[in-house]
Structure formats: structure tokens, C-alpha cells
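The values are calculated or read from the model by the stated rules, or taken from the named source; none is laboratory data. On a predicted model such as this, the values are computed, not experimentally measured, just so you know. Positions of Cβ are backbone-derived with ideal geometry, glycine not excepted, and every protein chain shown enters the neighbour counts. Side chains are part of the model used for accessible areas, which takes the heavy atoms of the whole protein and leaves out ligands, DNA and RNA. Shrake-Rupley method; radii C 1.70, N 1.55, O 1.52, S 1.80 Å.
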Amino acid sequence: MTYNFAFASDSAFASDSAFASDSSSTAADPFAARHGKSLPAGLRAECSAMSWTEFESTYAAMSGPIRLGAWSSEKIAPGRWTFEATLGLGERIQKASATSTGAISAMTSMLHDAGISLEILSFHQHQIGHRTATFILTECDGRRSWAMGIAESSTESSLRAMTSAANRFSH
């Protein structure tokens, strides 16, 4: 499977009119107010006073120094895949690859090789219409942070959440 993220900010979040709602209002759970599904408890407590716009800009940080430009995979043996990516790291663009059992472990390895040691502590997904929302609690250098990704597939959603997490730690 191949994805092309094109190093652009994610306009898919804001432009999907099927999920449009008043982005200026706040709710105890901005994701539930917009999509009808609850956030993980720890994240829900952290963002309870945020509007959807504030929530999205905080937890879905796709524009930042860490960008995912392309992603592809090839099955090489039962349960083993080779993954390749184009990563934007600040001003640099580099190719990365990893062989693993899945996309999340491959992305973790690629980020580690780029100097970003991201550990996923908690992982949650929701189907929202035809898309998937992924929420991850991550740790990097002793700091913890939640991140979100929304995309057409669970794999792409997970990769977006990991990219967002990496960007949250870069600030």
C-alpha cells in the first residue's frame, strides 16, 4: 500500500463538510461534540475546555518540523514487511526504511533513526463515517503527550497521529 502525504498541512480535518459543526463552541469533549464518539479519558480531561479548532490545532499538528511525505510497504515474508518513507526533518528531506511486522513499529523505528525516540503508551481508534481517528499517548525524553490523526485508513490515521506526536515534542 502506498500513501502520499505531500508534505502539506492536513486540510482534510477542517474541509470535511460532512463533519462540520460550530468550531468556536467548547464542550466537555470536543471530539464527541463533533463526531459523537468519546475521547480516551486522559485526553478528554486534558482538553475539556477546548473548541474543536483549538483541539485540532493542538493534537493534530501535521504542519511542523516533522513531516511524512510518502509511505509504502511490501510484504517480504509471512508477518514481515519492508516499509519505506520520505520524511521531512526540519529543512532536510530524507528517505527512511524499516523491516517490521507492522506500520506502527516501522514508523517508530524510522523516527528513532532520525533522533526522535517516541514510545506509544496508549493507543485508541474510532471509526467516524468512512474514516478512522487514532489517538495515542506518547512519551519522548520523559515527557508525555497525546496526539491525534484522522485519515481514510487505520494505517494512515496511525501514521498521522505519530507525526503529530513527533511535532508536539519538537516544541
Review point. If Trp81 passes every condition in (1) free of Cβ contacts under 8 Å to residues at least 24 places away in the same chain; (2) surrounded by 15 or more Cβ atoms within 10 Å (Cβ to Cβ) but one, which one does it miss?
Key: (1)
Check your understanding: Within region 106-113, is there a residue that is assigned to a loop (DSSP other than H, G, I, E, B), open to solvent by less than 50 Å² (accessible area, probe 1.4 Å) and under 24 Å from Leu39 (Cβ atoms)?
Key -> no
Practice item. Could you give me the residue pairs with C-beta distances under 6 Å whose first residue belongs to region 58-73 and is part of a strand (DSSP E or B), whose second residue is aromatic (Phe, Trp, Tyr) and crowded, with 17+ Cβ neighbours inside 10 Å wherever it lies, and which are 6+ apart or on separate chains? Key: Leu68/Phe5; Gly69/Phe5; Trp71/Tyr3; Ser73/Trp81; Ser73/Phe83
Practice item. Could you run through region 27-44 and say how many residues are out of contact with any Phe, Trp or Tyr (no Cβ under 9 Å at 6 or more places or on another chain) and either outside any helix (DSSP H, G or I) or modelled with pLDDT under 90 (or both)? Key: 3
Point to revise | Qualifying position, being open to solvent by 20 Å² or more (accessible area, probe 1.4 Å) and not aromatic (Phe, Trp, Tyr), among Ser100, Ser122 | key: Ser122
Revision key, fill the gap. Within region 37-50, of all residues that are open to solvent by 10 Å² or more (accessible area, probe 1.4 Å) and touching a residue at least 24 places away in the same chain (Cβ under 8 Å), the one nearest to the chain's Cα centre (by Cα) is Pro40
Review point. Taking Ser97, is it outside any strand (DSSP E or B) and of a type in the set (Gly, Ala, Ser)?
Key: no
Practice item. Mind listing whichever residues of region 78-92 are of a type in the set (A, V, I, L, M, F, W, C) and either within 19 Å of the chain's Cα centre (by Cα) or on the phi > 0 side of the Ramachandran plot (or both)? Key: Phe83, Ala85, Leu87, Leu89
